[in-house]
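The values are calculated or read from the model by the stated rules, or taken from the named source; none is laboratory data. Keep in mind it's a predicted model, so treat the numbers as computed, not measured. Cβ atoms come from the backbone with ideal geometry, glycine included; neighbour counts cover every protein chain shown. Keep in mind that these areas ignore ligands, DNA and RNA; they rest on the heavy atoms of the full protein, side chains included. Shrake-Rupley method; radii C 1.70, N 1.55, O 1.52, S 1.80 Å.
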Amino acid sequence: MNIQFDDKNLRAEVVGKANGLTRSEIDGSQAKALRALKSFRKQSEQGLYGFPHLPFQEAVIRAVGRYAAEQSGRYDTVCVVGIGGSALGSWALDCGIRGPHPVQGEFTAQHPRLVILDNVDPSFTAQALASMDARQTLVVVIAKSGGTAETVATFLIVREWMEQTLGRRKAAVRITAVTTEGKGDLFALAQAEKYRTFGIPENVGGRFSVLTPVGLVPAALAGINIRKLTRGAARMTHLCWQADLEQNIALRAALYYWLILTRKDKTIHVAFPYSNHLWGTAFWFRQLWAESLGKAHDRKGAIVNAGQTPVAALGTTDQHSQAQLYIEGPNDKVFTFWAVGRFSTAGKIPSRRVGQPAFDALAGQSLAKLIDAERRATAAALAEAGRPNCTVTLDRVDEEHLGAFLQMMEFQAAFMGELLDINAFDQPGVELGKNFTYGLMGREGFEKYRRQFRAYEKKRAAAK
């Protein structure tokens, strides 16, 4: 496993002092970074935050592997019902290892397709059901709280669809629930209906849960090697506890991102993968960075409105849709390119010339060379315009590298939380919207939120 972090285009020598980091700024903040490392490690060892321990939970990894082996060859579709952290990790893993939809190749009972229902768009849900055969489908419903409205509503539709074809008992055998053990409505339903269940540790939040059964169960069912996935994450975890910033690229990157945010006011972070296989990971990263760092208060209770808005851009595609803004628009962004050292194929361009300069210049070369040149050229163009950027390079996109990469970014988010002195593991800002929804849908116990929503509507009506 080999992942590299190139920070040179974040430096003042390359992009200027107004936008880049000076050596004195970096050196003067290293002690703070080491304090962040020490603080987070202490909290992790106390059991407050569990994601660093996930790659080492052998019993869980074995149980998921056995379950996937039992189901192998029985279904051609795995339908995941979840939202947010309960779905984005599955997409990142499936897209990363098997490729982006819809160009994943032929699906088989040993390597079934993954259909992820992560929204309550009724047309989307109906079309998804129409594309599946209930007799060949295994359903995995995922909700840590056990009561997420979107997941519950979609699951009720999917369950009824299954039961109409198979009957209640046969449908129940084809449903697996991933939720917090011993609490929540989904767990209670799973017990009553005798669904197969896998637990989510209470000290692991949804956006950090890709290496719990939340991500491992769908991945293993799809034929992804979760042993290699967790092995890569374990190796990265070891590196992320090191006090040497050259070895600990998660801590070094977090320090640089913190400096670029707080000293250079770069409030937008563009994740720029130059690989379609990493496109799902970019969307997973958006949730990780947004929910972890977007906080109104610091740990002392002071109002800080912290955060760095994550944006996903795809290279080379978005060079032709967003680069104009990035190079000449507001200089409020930092860019992280995600590069791949070795693609699964070079994409050889035919060598036959056609007598036209634009065509003949590329004859005999490769798409791998072109995408690398495009990335390096875009990084240079940004740097020349004084736009700070950096590059993370994965030697290749396989289970071991992807597991390591996801774990690295989770550590980055945790370290950034320490540097910003905020709680990177809660999300109080999303709760009011959820409670309004429960009130509007008539859920018992949420009447006051319905009344509060009505008061809000009166304010809207009074606005001229």
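Below is a table of values for the structure above.
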{"read-out": "Aspartates and glutamates whose Cα lies under 20 Å from that of LYS459, excluding same-chain neighbours fewer than 8 positions away", "value": "GLU447"}
{"read-out": "Helix-derived mean residue ellipticity, 222 nm - over the chain, DSSP H n ≥ 4, -39500 (n - 2.57), to 500", "value": "-14500 deg cm²/dmol"}
{"read-out": "Partner lysines for LYS17 [C-alpha distance under 16 Å; skip if fewer than 8 residues away on the same chain]", "value": "LYS8, LYS264, LYS266, LYS333"}
{"read-out": "Cα→Cβ-extended label distance, 7 Å offset, between ARG41 and ASN119, nm", "value": "4.3 nm"}
{"read-out": "Cα-centred dipole magnitude for the range 360-448, charges only on beta-carbon of K, R (+1) and D, E (-1), debye, nearest 20", "value": "320 debye"}
{"read-out": "Fraction of the pair-distance distribution of the range 155-285 above 19 Å, Cα-Cα pairs, percent", "value": "68 percent"}
{"read-out": "Accessible area (Å², 1.4 Å probe, nearest 10) - LYS434", "value": "90 Å²"}
{"read-out": "Loop-resident sites, the range 189-274, for trypsin sites (Lys or Arg not before Pro), counting at most 14 other Cβ within 10 Å (DSSP)", "value": "LYS194, ARG263"}
{"read-out": "Range in the chain, longest, excluding exposed GluC sites (Glu not before Pro) [loop by DSSP; at most 10 other beta-carbon atoms within 10 Å]", "value": "247-443"}
{"read-out": "Contour minus Cα-Cα distance for GLU431 and GLN356 (0.36 nm per residue)", "value": "21.1 nm"}
{"read-out": "Percent accessible area from carbon and sulfur atoms, the range 120-169, protein chains only, probe 1.4 Å", "value": "51 percent"}
{"read-out": "Residues in the range 379-421 reached by a label modelled at ALA346 [backbone nitrogen below 19 Å; 7 Å Cα→Cβ]", "value": "395-397"}
{"read-out": "The chain, Rg to Rh (Cα coordinates; Rh as Kirkwood inverse mean 1/r)", "value": "0.99"}
{"read-out": "Dipole magnitude of the range 1-133, debye to nearest 20 (Cβ charges: Lys/Arg +1, Asp/Glu -1, about Cα centre)", "value": "700 debye"}
{"read-out": "Pairwise FRET efficiency - GLU328 versus ALA153, Cβ, R0 = 35 Å, nearest 0.05", "value": "0.20"}
{"read-out": "Accessible solvent surface per residue of the range 1-157, calculated while the other protein chains remain in place, 1.4 angstrom probe, Å²", "value": "46 Å²"}
{"read-out": "Sites HIS53 and ASN305 - FRET efficiency at Förster radius 25 Å, r taken between beta-carbons, to 0.05", "value": "0.20"}
{"read-out": "Distance in nm between pseudo-label sites at LYS8 and LYS32 (7 Å out along the Cβ direction from Cα)", "value": "2.7 nm"}
{"read-out": "Fraction of antiparallel bridges per DSSP, the chain only, in percent to nearest 5", "value": "15 percent"}
{"read-out": "Of TYR449, ILE224, VAL210, farthest towards positive along the dipole that unit charges on Lys, Arg, Asp, Glu beta carbons give the chain", "value": "TYR449"}
{"read-out": "Gain upon complete extension [ALA385, GLU457; 0.36 nm per residue less C-alpha separation]", "value": "21.3 nm"}
{"read-out": "Projected label distance in nm at THR165 and GLU70, using a 7 Å step from Cα toward the beta-carbon", "value": "2.2 nm"}
{"read-out": "Exceeding the 26 Å Cα-Cα cut-off - candidates LYS295/LYS458; LYS228/LYS348; LYS38/LYS295; LYS183/LYS300", "value": "LYS295/LYS458; LYS228/LYS348; LYS183/LYS300"}
{"read-out": "Carbon plus sulfur fraction of accessible area for the range 348-458, probe 1.4 Å, in percent", "value": "54 percent"}
{"read-out": "All aspartates and glutamates inside 12 Å of LYS144 as judged from Cα atoms, apart from same-chain residues fewer than 8 positions distant", "value": "GLU181, ASP185, GLU202"}
